[in-house]
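Okay, here's the structure, questions in a sec.
The values are calculated or read from the model by the stated rules, or taken from the named source; none is laboratory data. Quick caveat, the model's predicted, so the values are computed rather than measured. Positions of Cβ are generated from backbone atoms using ideal geometry, with glycine treated the same way; all protein chains shown enter the neighbour counts. Calculation scope for accessible area: heavy atoms of the full protein, side chains included, ligands and nucleic acids excluded. Shrake-Rupley method; radii C 1.70, N 1.55, O 1.52, S 1.80 Å.
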Amino acid sequence: MLTPGPFQQEQGLSKEKRSRPRLVVHTKTGKVAYGFCLSLNKNADAFNLELVDKENVSLGKSMHVAFGDVKGVFTVKSFDGRFDPSAFVHEMPPDVVPVVLEFFDGEIMAGYASPKYAQETRFFFYPDDTNGNNISVLVERSALVAAMTPKEHKRKLHQEFEAFLANHVQRPNETKTEMEGDFYFDKGNYFKALKHYREVEESGEPSSRLQRKVCATLYNVAVCHIRKHDYDRAIRYMEMVLARDPNHESALKRLSQLREHVSKRKVQ
């Protein structure tokens, strides 16, 4: 049966609804499905998902899902990414250990799992981002490149950064912190890239080169928020891009689409 995860209850909801966790299935081919499952047995070969859309409206059909085709089954607070944080009580399961997961598609997730996760074909993982939409993830091991301790992950990043530096031609006035930003940008970790670029900005007069990097990073952070359905944050980051580059065509187009989308949802 499905483990309830670190958020043991949703305040104000009936017992019936609490017993039916909202599931988002991510397949290895990049497809996403939303729905409910009354009996999710991680030791089985497959499960049935009662399909809904992002607004939690039933599609009137179900889908048979083979675990071998899945990257992970995400238990979420809401399908559309909008939720009241105060409605969820955070209770991490006992006896979990810290772990960093690296998926085949490049996604990195830090959190916790049972000490026996290394021996399991699939296992429950609890992200350490308690403010995020994900409550827990049933991870398919075949979708992972690696599962590491935080210390092992830190050592791996250090080795990768040293290799990056060895193959990187340092430009005039380019600091190591800026190169760290480049390193994380290349890895698709735009949040960490932005952190390093901003450190460079705060330490002195930013170059036009750095300004271009910050704009590109802000844009990609906005796209990340779009993928998480966090449209308000996406709008703020698109506005940051345009504050630096008012003629940024992609940001102008995306911002217009976002505002239109948010406006329609408010009307609905």
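Let me understand the range 198-266 better: what is its radius of gyration from the alpha carbons, and its Dmax, in angstrom?
That works out to 13.0, 43 Å for Rg and Dmax.
If you don't mind, another one. Name the residues of the range 70-90 whose amide N is less than 11 Å from a point 7 angstrom out from the Cα of residue 130 along the C-beta direction?
Correct set: 89-90.
Determine the per residue accessible area of the range 71-139 with all protein chains present and a 1.4 angstrom probe, expressed in square angstrom.
Here the residues of the range 71-139 average 44 Å² of exposed surface.
Right, here's the next one. To test your reading of the geometry: what angle, between 0 and 90 degrees and rounded to tens, separates the Cα axis of helix 190-203 from the longest principal axis of the chain?
The angle comes out near 30 degrees.
What is the calculated FRET efficiency for residue 53 to residue 236, with r their C-beta to C-beta distance and R₀ = 35 Å, to the nearest 0.05?
Once the sixth-power term is evaluated, E becomes 0.85.
Ignoring any ligand, DNA or RNA, what whole percent of the accessible area of the chain comes from carbon and sulfur when the probe is 1.4 angstrom?
49 percent
Explain nothing, just compute: Karplus ³J(HN,Hα) = 6.51 cos²θ - 1.76 cosθ + 1.60, θ = phi - 60°, for every residue of the range 246-260 in order, whole Hz, x for Gly and Pro.
Per-residue couplings from phi come out as x, 9, 5, 4, 5, 5, 4, 5, 5, 4, 4, 5, 5, 4, 5 Hz.
Once the Cβ-Cβ distance between residue 249 and residue 149 is put in as r, and R0 is 51 Å, what FRET efficiency do you end up with, to the nearest 0.05?
E between residue 249 and residue 149, to the nearest 0.05, is 0.70.
Here's another thing I want to ask about it. Each residue of the range 113-120 in order: what ³J(HN,Hα) in whole Hz does its phi give by Karplus 6.51 cos²θ - 1.76 cosθ + 1.60, θ = phi - 60°, with x for Gly and Pro?
Whole-Hz 3J(HN,Hα) from phi for the range 113-120: 8, 5, x, 8, 4, 5, 9, 9.
If you count only protein heavy atoms with a 1.4 Å probe, what accessible area per residue comes out for the range 143-268, rounded to a whole Å²?
I get 62 Å² per residue for this part.
Nearest 10 degrees is fine. How inclined is helix 231-244 to the longest principal axis of the chain, computing both from alpha carbons?
Approximately 10 degrees, to the nearest 10.
Additional query: Cα atoms only: what Rg and Dmax, in Å, come out for the range 45-193?
My reading of the Cα-based Rg and Dmax gives 18.8, 61 Å.
Turning to a different aspect of this structure: Return the Rg/Rh ratio of the range 123-268 with Cα-based radii and a Kirkwood Rh.
With Rg and the Kirkwood Rh in hand, the quotient comes to 1.03.
Please list 210, 59 in order of solvent-accessible area, largest first, computed with a 1.4 Å probe with all protein chains present.
So, going from the largest accessible area down, we get 59, 210.
Give the long-range amide H neighbours of residue 136: residues separated by 5 or more places, or on another chain, with amide H under 5 Å away, using H modelled in the peptide plane at 1.01 Å from N.
75
Over the chain, what is the relative contact order in whole percent, taking alpha-carbon pairs under 8 Å and six or more residues apart?
It rounds to 13 percent for the chain.
For the ranges 23-35, 181-193, 42-54, what's the packing order if you count other beta-carbon atoms within 10 Å of each residue, average per peptide, and put the highest first?
181-193, 23-35, 42-54
Take the alpha-carbon positions of the chain, form their convex hull, and give its projected area averaged over all directions (one quarter of the hull surface) in nm².
The orientation-averaged projected area of the Cα hull of the chain comes to 16.7 nm².
How far apart, in nm, are two points set 7 Å out from the Cα along the Cα-to-Cβ line at residue 212 and at residue 107?
Between residue 212 and residue 107, the simple spin-label model gives 3.2 nm.
Could you go through the range 81-96 in sequence order and give the Karplus-derived ³J(HN,Hα) for each residue, using 6.51 cos²θ - 1.76 cosθ + 1.60 with θ = phi - 60°, rounded to whole Hz, and x for Gly and Pro?
x, 9, 7, 9, x, 6, 7, 10, 9, 8, 9, 5, x, x, 6, 8
Under the rule a/c < 1.5 gives rounded, and otherwise a/b versus b/c splits prolate from oblate, where does the range 66-114 land using the Cα gyration tensor?
oblate
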